[in-house]
Amino acid sequence: MQKQAKDYIVFPLDFSSVKEAKEYVKLLDGKVGMFKIGLELFIDQGPSVIKLVKEKSFAKIFLDLKLYDISATILRAMGKVANLGVDLVTVHCSSSRAMLEKAVEGGKGETGVLGVTLLTDNDKDIVKASGFKDEFVKDPQLLVMYRAKMAYDAGCKGVVCSGMEVQQIKKCFGKSFLAVTPGIRPGWTLLEDDDQKRVTTPGRAVTLGSDLIIIGRPIRDADDPGLAAQKVIKEIEAVLNPSGNI
Ligand code: C5P
């Protein structure tokens with residue numbers, strides 16, 4: 001089936017209670033392509049939360065565990081993740097190619113591995129404070145590309161990156177290597193004190209080549225989250241189909 005505008009949208013279930021998560025799954029079912037289950041909900045609820053989302057929605061599941069450990073442990077942990085029936089899982093790129101390879105192997109082709117390149121709330125100052133070489137401090141995008149190559153070489157399904165790196169990632173690694181973009185802010189929700197440092201709009205991210213956009217608070221905190229998701233869908237449709245013809 002052809003990819004629809006809603007299929008670009010990943011909604012993070014960043015909630016402390018399963019009750020709220022359930023409410024949002026119900027509100028947004030059919031309006032987003034994927035639900036992202038992150039650490040908060042997974043640590044609180046365990047694998048049962050995946051079953052719960054699957055019972056309530058046909059959307060895909062992205063388990064955002066941001067794994068990082070020695071390769072042998074990652075292989076074993078990923079074996080368990082693959083048994084959960086989730087479509088994507090995140091693994092940090094900041095350890096080694098070997099770790100990413102073991103993650104891919106453990107996923108058994110059932111769960112795709114997404115490499116986390118550089119968290120979007122990390123800016124130059126944070127890169128510097130982490131002890132990176134000057135070339136990476138001057139240009140954190142270089143670090144993102146370096147790590148994306150590692151993920152690509154290790155057989156990952158794609159990477160998480162900001163909208164600013166999408167074009168280059170698609171150019172270097174091809175269409176089928178997924179670029180998943182957080183830090184998405186529709187024009188109508190831009191806040192001055194936003195903690196996401198490298199933000200882009202849904203339409204711009206898709207135009208640049210993002211395969212999936214992670215969009216949380218602009219939908220979650222809207223007066224009508226279903227309507228906010230519809231607005232994002234419309235914005236994506238407008239760039240996918242600029243003439244307005246179906
Ligand atoms: O749109 P909003 O800022 O609320 O999105 C927050 C979500 O984006 C969180 O679930 C966070 O884990 C995720 N995120 C991510 N990768 C990043 C930055 C944020 O998955 N590099």
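The values are calculated or read from the model by the stated rules, or taken from the named source; none is laboratory data. The structure displayed is predicted, hence computed values, not measured ones. Don't worry about glycine lacking a Cβ; one is built from the backbone with ideal geometry, like all the others, and counts go over all protein chains shown. Keep in mind that these areas ignore ligands, DNA and RNA; they rest on the heavy atoms of the full protein, side chains included. Shrake-Rupley method; radii C 1.70, N 1.55, O 1.52, S 1.80 Å.
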Considering the dipole of the stretch 1-65 built from charges on the beta carbon (Lys and Arg +1, Asp and Glu -1) around the Cα centre, which of F15, G46, M34 is farthest to its positive end? M34
What value, in deg cm²/dmol to 500, does the helix sum -39500 (n - 2.57) over DSSP H runs of n ≥ 4 give at 222 nm once divided by the residues of the chain? -13000 deg cm²/dmol
Simple spin-label model, 7 Å along Cα-to-Cβ: T73 to N241 in nm? 4.9 nm
With label points set 7 Å from each Cα along the Cα-to-Cβ direction at L39 and K80, the distance between them in nm comes to 1.6 nm
Just going by the charge dipole of the chain, with Lys and Arg at +1 and Asp and Glu at -1 on Cβ, which of S176, I236, V81 is farthest out on the positive end? S176
Straight-line reach from K6: which aspartates and glutamates have Cα under 13 Å away, leaving out those fewer than 8 places along the same chain? D29, D211, E235, E237
List the residues whose amide H sits under 5 Å from the amide H of L178, counting only those 5 or more places along or on another chain, with H placed 1.01 Å from N in the peptide plane. G158, V159
Taking the Cα centre of each part, how many Å lie between the stretch 104-120 and the stretch 128-151? 20 Å
If the limit is 32 Å between Cα atoms, which of K128/K234; K31/K175; K108/K234; K51/K102 go over it? K128/K234; K108/K234
Leaving out ligands, DNA and RNA but keeping every protein chain, what accessible area does E110 have, in Å² rounded to the nearest 10, with a 1.4 Å probe? 110 Å²
Phi-based couplings in Hz for the stretch 88-94 (Karplus 6.51, -1.76, 1.60; Gly and Pro marked x): 9, 9, 9, 9, 5, 8, 7
For the stretch 1-115, what is Rg from Cα atoms divided by 2.2 N^0.38 Å, rounded to two decimals? 1.07
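Can you tell me what share of the DSSP beta bridges in the chain is antiparallel? A percent to the nearest 5 is fine.
The answer is about 0 percent antiparallel.
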Between the stretch 152-185 and the stretch 4-77, what's the alpha-carbon centroid distance in Å? 20 Å
Chain lengthening between E20 and K128 when straightened (0.36 nm per residue, less Cα-Cα): 35.1 nm
Non-local residues with an amide H under 5 Å from the amide H of V116, with H modelled 1.01 Å from N and Pro and chain starts lacking one, are V91, H92, C93, V160
Scale the Cα Rg of the chain by the rule-of-thumb value 2.2 N^0.38 Å and send over the ratio, two decimals. 0.98
Bins of 5 Å, beginning at zero and ending with the bin holding the largest distance: percent of Cα pairs per bin for the stretch 85-162, please. 3, 18, 26, 21, 15, 10, 5, 2, 0
Roughly how much of I126 is accessible, in Å² to the nearest 10, using a 1.4 Å probe? 60 Å²
Largest first, what is the accessible-area ranking of R147, R97 with a 1.4 Å probe? R97, R147
Accessible area expressed per residue, the stretch 5-235, with surrounding protein chains retained (probe 1.4 Å, Å²): 47 Å²
